[in-house]
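Worksheet: one structure, shown below.
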Amino acid sequence: MEPIRVGVVGCGQIAQIMHLPYLTELPQFRVTAVCDLSTAVVEAVGERFGVPVRCRDYADLVSRDDVDAVAVLTIEHAGVAVAAAAAGKHLFIEKPIGFSLAEADRIIAAVARAGVTAMIGYMKRYDPGYEYGAARMQAMDDVRLIRVHDFAVDFSAHLPLFTLVTADDLPPALLAESQAAIEATRRAALGAEHAHLSELYSTLLMLASHDLAILRGAFGAPAGVRYSDAISPTELLSVLDYGEGRRCVFEAGVRAQYLWWDEQMTAYGAREIVEITFPNPYVPYAPTVVTIRENEAGSPVRKEIPVSHQEAFRREWLHFAECVRSGSPPRTSLADARADVALAIDMIRAIPVADRAGAGH
Ligand SMILES: NC(=O)c1ccc[n+]([C@@H]2O[C@H](COP(=O)([O-])OP(=O)(O)OC[C@H]3O[C@@H](n4cnc5c(N)ncnc54)[C@H](O)[C@@H]3O)[C@@H](O)[C@H]2O)c1
């Protein structure tokens, strides 16, 4: 079978560390074009991964006949995604889908018009450890409390593992302009009363949208947000309501300087506790560990299951290939990604505005 020809837009960290290595390794794909605003990045990446077509304007990439699917690996996704869908290309879009519901809706409408396959890169949903742990959690009939905890580490810890090319050649004014546009979108999405919590909202979208996605994958959508508290400008505590006496405590933040990755989802039942512990996502092939605590023959036992070395980022691309070939809908849909943005907004809006001083703003 002919490989799916992929054009990659945005050749920064995650493209270099994860997506391009798998896209160039897997026989299901051939990378036919790469695009980045930075000449230094696009040239170096094109050279390293053997891609001769190198563009700086994504309009040039999405209009190419030798591109079947576009990987949207930029920070802002709507512009690229809408143009690629309009050109009839299938879409792989990194998380979060956008910084507002309006951005998500623009992408969803463009994809519906074009009838292409579109998937969000929530790779943890394709992690075999997550799949195993989530199935165990779903089999528990008495879960009262779910706890999701993600305190990201100092991200520079993983950088020495890789040889990365950075976009040092871009004019600072261009970067400032794009950051200002994203900030304006985030503030508008939150509304005037909560706009000052934009950094916390950014933490939810950039880091913890993964955790909203794994929670949704295992337990579906919550009925609402019962409580939210801005512990600091970048740390959030929320309680989500799952009805029938079931709650989820959701803790997310970027401040910790731990040398380990600190991300778990835990389900507490009456007879057992099941916990999924995720590895640093920048360490390829590190297993996600499922821990089960239960009573056995009159004793408490604790089992640790390092489920698999299969890599979530690699498996999400295999799933994407299957969906493009078969036309079946991806497990990580645009609609779910939109719902994650809506929930993130609700979680921020549940913070009493009287907390403004407490949040350090
Ligand atoms: N799945 C994960 O675990 C994970 C991890 C990190 C990042 N991400 C997501 O991946 C995306 C990229 O993150 P990153 O850390 O690689 O960022 P990055 O800043 O390292 O890379 C982004 C690249 O896109 C380029 N770019 C920006 N606008 C462009 C445009 N209009 N046209 C062409 N190129 C453009 C930049 O020059 C830069 O090289 C984000 O959406 C982020 O949320 C996901």
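Tabulated data for the structure shown
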| quantity | calculated |
| --- | --- |
| Percent carbon-and-sulfur accessible area, the chain, ignoring ligands, DNA and RNA, probe 1.4 Å | 54 |
| Amide hydrogen neighbours beyond the local backbone of V289, cut-off 5 Å, H modeled | T277 |
| Solvent-accessible ranking of E272, E43, largest area first, probe 1.4 Å | E43, E272 |
| Positive-pole candidate from F155, V324, G46, dipole of the chain, charges at beta carbon | V324 |
| For D262, residues with placed amide H under 5 Å, excluding near neighbours | F151, V153 |
| DSSP bridge pairs, the chain: antiparallel proportion in percent, nearest 5 | 60 |
| Mean accessible surface per residue for segment 288-344, computed with a 1.4 Å probe while every protein chain stays in place, in Å² | 49 |
| For segment 164-179, Karplus couplings with θ = phi - 60° (6.51, -1.76, 1.60), whole Hz, Gly/Pro x | 10, 9, 10, 7, 6, 8, 7, x, x, 5, 5, 5, 4, 5, 6, 5 |
| Alpha-carbon centroids, segment 47-122 and segment 143-208: separation in whole Å | 20 |
| Selected from R302, R136, R349 as most flexible by GNM, with the chain as the system and alpha-carbon contacts under 10 Å | R302 |
| Area accessible to solvent at R325, 1.4 Å probe radius, in Å² | 100 |
| Compactness of the chain, expressed as Rg and Dmax over alpha-carbon positions, Å | 20.6, 67 |
| Interatomic Cα distance distribution for segment 296-351, bins of 10 angstrom, percent | 17, 23, 23, 25, 11, 0 |
| Förster radius 51 Å - calculated FRET efficiency between R302 and E2 (Cβ-Cβ, nearest 0.05) | 0.55 |
| Computed Kirkwood radius, in angstrom, where 1/r is averaged over Cα pairs of segment 204-344 | 17.3 |
| nm² value of the averaged projected area, convex hull over the Cα atoms of segment 1-96 | 5.5 |
| Integer Hz, Karplus 6.51/-1.76/1.60 couplings in order for segment 205-221, x for Gly and Pro | 6, 6, 9, 8, 4, 4, 6, 5, 5, 6, 5, 4, x, 8, 10, x, 8 |
| Order of exposure, largest accessible area first, which applies to D346, D168 with probe 1.4 Å | D168, D346 |
| log10 of Debye I(q)/I(0), alpha-carbon scatterers only, for segment 54-119 at 0.12, 0.26, 0.27 Å⁻¹ | -0.25, -1.16, -1.24 |
| ³J(HN,Hα), Karplus 6.51/-1.76/1.60, whole Hz, each residue of segment 142-158, x for Gly, Pro | 10, 6, 9, 10, 10, 10, 10, 9, 9, 10, 4, 8, 5, 5, 5, 4, 8 |
| Quarter of the Cα convex hull surface for segment 93-212, i.e. its orientation-mean projected area (nm²) | 11.9 |
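The values are calculated or read from the model by the stated rules, or taken from the named source; none is laboratory data. None of these values were measured; they are calculated from a predicted model. Here Cβ is always computed from backbone atoms with ideal geometry, including for glycine, and neighbour counts include all displayed protein chains. These area figures cover heavy atoms from the full protein model, side chains too; ligands, DNA and RNA do not enter into them. Shrake-Rupley method; radii C 1.70, N 1.55, O 1.52, S 1.80 Å.
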